[in-house]
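Report on the structure given below.
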Amino acid sequence: MVDKTLSAEELTRDEAAERLRELADELEGDGPASIRTGNKTVSLRPSPTIAYELGVRERSSILRGSRETITLKMDWKPPKASDEE
């Protein structure tokens, strides 16, 4: 089963930075993390180690202009209930 929640919106640079700080605060430490996406909050259980992937793409096109993209991916296996005690 896959349950995917996706949110896309346009933010100011400061708003985008604040969202990243909120995500970092939730991931820090132990226990569950409440992640806000759009109008929904998802409760996740990050493991002590997280696979982290950051990609940067710079594109230049005469017709479409330049575009820069950052893609961030993190994944983990949630700890088993017995591991959380």
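The values are calculated or read from the model by the stated rules, or taken from the named source; none is laboratory data. The shown structure was predicted, so the numbers you read here are calculated from the model rather than taken from an experiment. Glycine gets a Cβ as well: all are built from the backbone with ideal geometry, and neighbour counts include every protein chain shown. Note: areas computed on protein heavy atoms with side chains; ligands, DNA, RNA excluded. Shrake-Rupley method; radii C 1.70, N 1.55, O 1.52, S 1.80 Å.
Computed over the chain, the quotient of the alpha carbon radius of gyration and 2.2 N^0.38 Å is 1.36. Restriction of the trypsin sites (Lys or Arg not before Pro) in segment 1-43 to DSSP coil positions whose beta-carbon has at most 13 other beta-carbons within 10 angstrom yields 4. The angle between the Cα long axis of helix 13-27 and the main principal axis of the chain comes to about 20°, on a 0 to 90 degree scale.
Each label was represented as a point 7 Å from its Cα along the Cα-to-Cβ direction; for residue 54 and residue 3 these points are 3.0 nm apart.
Solvent-accessible surface of the chain, taken per residue with a 1.4 Å probe and all protein chains present: 95 Å².
For the chain, with all protein chains present and a 1.4 Å probe, just round the carbon and sulfur fraction of the accessible area to a whole percent. Before the final figure, lay out each step's value.
On the way: 3940 of 8090 Å².
The C+S portion of the solvent-accessible surface of the chain is 49 percent.
Short-range pairs are left out: with C-alpha atoms under 8 Å and at least six residues apart, the relative contact order of the chain is 21 percent.
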